[in-house]
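Enquirer: Here it is, the structure in full.
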Amino acid sequence: MNDSGFLALKGLPPLRARGRVLRPALWGGAVAALALLCYSVVTSGMNGDLRYVLACLRSAKGGGFSASDTFVHRPFFYRWFVAGLDSLTFGSTTTREMIIRIAAVLLCVATGLALRAALARRLPPRDATLTAAVVTLALAFAPKIDFLQPEWAATLLSVLAVAAALGIERPWPAATVAAVPLGLAVMMKYSTAATALMALLLLFAVDRMRAVRLGLVTGVSSVVLFGISLLAGSRELQWAKDMPKINQGALTRKGLDPSFLLDKSASFLVDRAYLSPVVALLPAALLLLLSRQQDRRRRAELAALAVLIVLVCVAAVAVQGNWFGYHAASLPVGAAALWGLAVAAWYRAHGRPPLFFTAVTAVYAAFVPFAAQAPHAVQGVAAGWAAVLVAFLAATADLVSARGSATVEPARPGRFAAAAVALSAVVGVFCLAAAIWPGSPQLMNAGHVVYGNSDFDARSDQTARESAELDRQIPRGAPVLYLAFGDVAYFVGHPTPCRYPVPTFLQRTKFLPDVNKLPSYKENLRCVTEDPAPYAVLQRSWFQLGNVDKTLAATIEAAYDCPPLTGNSRTPVVCRLR
């Protein structure tokens, strides 16, 4: 493939760079991105799932367990990834969360630079810069519910793998190097093998043989990495077997219902577009990109690959059965890459960005922070798909308006072109950063906002206050048995003498009675029956003694003296060993 070809950009006429127009535009976008990144580091904090992982790792470490031997409902390499980030931290909870976010953003920047270097071998420099920049920002500005989740980490590693596969000149060394991050992407959660497959499909669109080589070597690297995790973690195989069995929504428990899957997928994609508006622009960006491809067969092939990548992403969500938004954390990053490629291709062909498409991007970026206050008519699944259609029509309008226009750069780009490019760069940044604002959604259900970032922060502040009160009731450094969810353990911060700091296996008997037959359940139970901690923290709204296994509930009540239920059952309490 020659230097002017990449994906659907293959076959574009090589055009002379418009430095006087692009330079101020790029500077404007860079300044906006830097300011928003600083804002996100200071204000965004961590999501509840990451706090759960951190709480488990920290409290178990205080009880003498390493990340290798602590159950956090996540595989070995992800546990050590988070533990590594946490090892950099110090100070208050707010300071520690800021340090973790800064470290993660720096990882995004390093990955983006590697991607830019790889793309520069196949794209004009500014096209490579724009594409790598939007991928970097899509990772760095990921919604709070996505940020640092296993799917997010797998996406970061997959981008790094693609960069290595394309950036290293010799094919087999490229595959060997790229197979390490891609194998680690698989190890982030096992279901994240779908993220690695999406990366391979993307690479296949660029260089088929490199994709085949990388797929073969990644199969080997994944097996080797899994073997390392089994050797290093005393219970890794046991947990790998037991973890899927505590998921009440998994297809292995519910079975296959095609009509349900179709309806749920349509709803899920709308929810994902509310969290990350660039997802709603994906079909439109694909249309603009394919319009620059002259070969009809190649257009069909690329369109089919794009559809297949989305289907793989949705399939990974459906298999897990919970339909959590972060399970598709890779989708916005892929959509952002497509957006960058489409805008770059359009500018190279027409000397200006796609104006209608850019306008719709701006509208969606402005809408998301106020989605919760939007009228009912502009929420919901139908409204979400209508937004996708509007973006597609806008891209069509750009195609119609550009029909027959010259593809040769004008000698002196006008002020209008310069302003349009600058505006397009800034609009792209704000679209990718839409998820960080206080009013932006964090949890969606069928196109309706359940709660936003500010709501989550208010709940976190309340949990922190309640946990501080619990901490005052427990002697400094005293071990605790947590019968509470991760955010309570996170803010209480006491060590635990249990390798199951949050009793997920015990709590799941509320939904799945057969969980009590699992080896991990029996081991978790021994935290209550064998030398239990002198104090326990009980969160009745999550660990309902009246609903869990009756023998388990009787064992806990016999071991601990807990305050009677009064007032708000959501408020956690301190129990003392009898």
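Enquirer: For His327, tell me the accessible area in Å² from a 1.4 Å probe, rounded to the nearest 10.
Expert: The accessible area of His327 comes to roughly 10 Å².
Enquirer: Need one word for the range 231-278: rounded, prolate or oblate. Basis is the Cα gyration tensor (sqrt eigenvalues a ≥ b ≥ c); a/c below 1.5 gives rounded, then a/b vs b/c decides.
Expert: On the way: a/c = 4.77, a/b = 1.75, b/c = 2.73.
Oblate, since a/c reaches 1.5 and b/c is not below a/b.
Enquirer: Label points 7 Å out from Cα along the Cβ direction at Val390 and Arg170: separation in nm?
Expert: 5.4
Enquirer: Which is the longest stretch in the chain that no exposed loop site breaks, taking sites as GluC sites (Glu not before Pro) with a DSSP loop state and at most 16 other Cβ atoms within 10 Å?
Expert: 170-529
Enquirer: Can I ask one more? Give me the extension gain from Gln248 to Ala464: residue separation times 0.36 nm, minus the current Cα-Cα distance, reported in nm with one decimal.
Expert: Result: 74.8 nm gained on full extension.
Enquirer: So what's the back-of-envelope 222 nm ellipticity for the chain, counting only DSSP H runs of four-plus at -39500 (n - 2.57) apiece and dividing by all residues, rounded to 500?
Expert: -20500 deg cm²/dmol
Enquirer: What number results when the radius of gyration of the range 151-263, computed over Cα atoms, is divided by 2.2 N^0.38 Å?
Expert: Cα-based Rg divided by the globular estimate yields 1.21.
Enquirer: Place a point 7 Å from the Cα of Val212 along the Cα-to-Cβ direction; which residues of the range 293-312 have their backbone N under 19 Å from it?
Expert: Answer for the range 293-312: 298, 301-302, 305.
Enquirer: Taking the Cα centre of the chain as origin, work out the dipole magnitude from +1 charges on Lys and Arg Cβ and -1 charges on Asp and Glu Cβ, in debye rounded to 20. Kindly include the intermediate steps, with their values, before the conclusion.
Expert: Details: 54 positive and 33 negative charges, 282 e Å.
Computed about the Cα centre, the dipole is about 1360 debye.
Enquirer: Please report, as a whole percent, how much of the solvent-accessible surface of the range 43-144 comes from carbon and sulfur atoms (probe radius 1.4 Å).
Expert: C and S fraction of accessible area: 66 percent.
Enquirer: Further question: In degrees, nearest 10, range 0 to 90: what is the angle between the Cα axis of helix 125-140 and the longest Cα principal axis of the chain?
Expert: 20
Enquirer: Suppose all protein chains stay in the model; what accessible area per residue would a 1.4 Å probe give for the range 139-206, in Å²? Walk me through the numbers before you get to the answer.
Expert: Values: 1790 Å² over 68 residues.
In whole numbers, the range 139-206 has 26 Å² accessible per residue.
Enquirer: Still on this model: What order do Arg576, Arg459, Arg296 take when sorted by accessible area (1.4 Å probe), most exposed first?
Expert: Largest to smallest exposure gives the sequence Arg296, Arg459, Arg576.
Enquirer: For the range 155-198, what percent of Cα pairs sit more than 13 Å apart?
Expert: On the way: 427 of 946 pairs.
Beyond 13 Å sits 45 percent of the P(r) for the range 155-198.
Enquirer: Something else about it: Between Ala103 and Asn322, what FRET efficiency follows from the Cβ-Cβ distance if R0 is 25 Å, with the result rounded to 0.05?
Expert: Details: r = 28 Å, r/R0 = 1.12.
It comes to 0.35.
Enquirer: How many nm is it between the label spots at Leu565 and Leu113, if each spot is 7 Å from the Cα in line with the beta carbon?
Expert: A separation of 5.6 nm, rounded to one decimal place.
Enquirer: Now for a separate question. Put a dot 7 Å past each Cα toward the Cβ at Lys522 and Val31; how far apart are the dots in nm?
Expert: My value for the distance between the label points is 6.7 nm.
Enquirer: No other cysteine beta carbon under 4.7 Å away is the test; run it over the chain and list who passes.
Expert: By the Cβ distance rule, which asks for a partner under 4.7 Å, the isolated cysteines are Cys38, Cys56, Cys108, Cys313, Cys431.
Enquirer: What fraction, in whole percent, of alpha-carbon pairs in the range 213-310 exceed 16 Å separation?
Expert: Numbers: 3621 of 4753 pairs.
In whole percent, the share of Cα-Cα pairs in the range 213-310 beyond 16 Å is 76.
Enquirer: A further question follows. Taking R0 as 25 Å, what FRET efficiency do you get between Leu231 and Ser87 from their Cβ-Cβ distance, rounded to the nearest 0.05?
Expert: 0.65
Enquirer: If you stretched the chain out fully between Ser541 and Val223, how much longer would it get, using 0.36 nm times the residue separation minus the C-alpha to C-alpha distance? List each step's numbers first, then the result.
Expert: Details: separation 318, 0.36 × 318 = 114.48 nm, distance 4.04 nm.
Length difference between fully extended and current span is 110.4 nm.
Enquirer: Work out, step by step, the length gained on full extension between Ala240 and Val307: first 0.36 nm times the residue separation, then minus their alpha carbon distance; give nm to one decimal.
Expert: 21.0 nm
Enquirer: Which whole-number percent is the relative contact order of the range 282-416 (Cα, under 8 Å, 6+ apart)? Display every interim value, and only then the final one.
Expert: On the way: 92 pairs, mean separation 49.3, N = 135.
Relative contact order for the range 282-416 comes out at 37 percent.
Enquirer: What share of all Cα pairs of the range 331-373, in percent, falls into each consecutive 10 Å distance bin?
Expert: Taking every Cα pair in the range 331-373, the percentages come to 26, 44, 25, 5.
Enquirer: Once both axes come from the Cα atoms, what is the angle between helix 355-367 and the longest principal axis of the chain, in degrees from 0 to 90, rounded to 10?
Expert: 20
Enquirer: Let me ask something else. With every atom except the alpha carbons ignored, what do you get for Rg and Dmax of the chain, in angstroms?
Expert: 25.0, 86
Enquirer: Follow-up. Limiting things to C-alpha atoms, what are the Rg and the maximum Cα-Cα separation (Dmax) for the range 40-105, in angstroms?
Expert: Reported Rg and Dmax, both Å: 11.6, 34.
Enquirer: How are the C-alpha pair distances of the range 453-516 spread across 10 Å bins, as whole percents from the shortest bin up?
Expert: So the P(r) values, bin by bin, are 20, 41, 30, 9.
Enquirer: Could you work out the relative contact order of the range 415-544? I mean the mean sequence separation of Cα pairs under 8 Å and 6+ apart, divided by the number of residues, in percent.
Expert: Across the range 415-544, relative contact order equals 21 percent.
Enquirer: Here's a follow-up. Given an 8 Å cut-off on Cα distances and at least 6 residues of separation, report the relative contact order of the chain as a percent.
Expert: Here the relative contact order equals 19 percent.
Enquirer: Considering all projection directions equally, how large on average is the shadow of the alpha-carbon convex hull of the range 458-578, in square nanometres?
Expert: With every direction weighted equally, the projected area is 7.1 nm².
Enquirer: Follow-up. Could you tell me what a quarter of the Cα convex hull surface of the range 248-383 works out to, in nm² with one decimal place?
Expert: 9.7
Enquirer: Can you give me the angle between helix 381-402 and the longest principal axis of the chain, using Cα atoms only, in degrees from 0 to 90, rounded to the nearest 10?
Expert: 20
The values are calculated or read from the model by the stated rules, or taken from the named source; none is laboratory data. Note that the structure is predicted; figures quoted are calculated from it, not measured. Note that each Cβ is placed from the backbone with ideal geometry, even for glycine, and that neighbours are counted across all protein chains shown. These area figures cover heavy atoms from the full protein model, side chains too; ligands, DNA and RNA do not enter into them. Shrake-Rupley method; radii C 1.70, N 1.55, O 1.52, S 1.80 Å.
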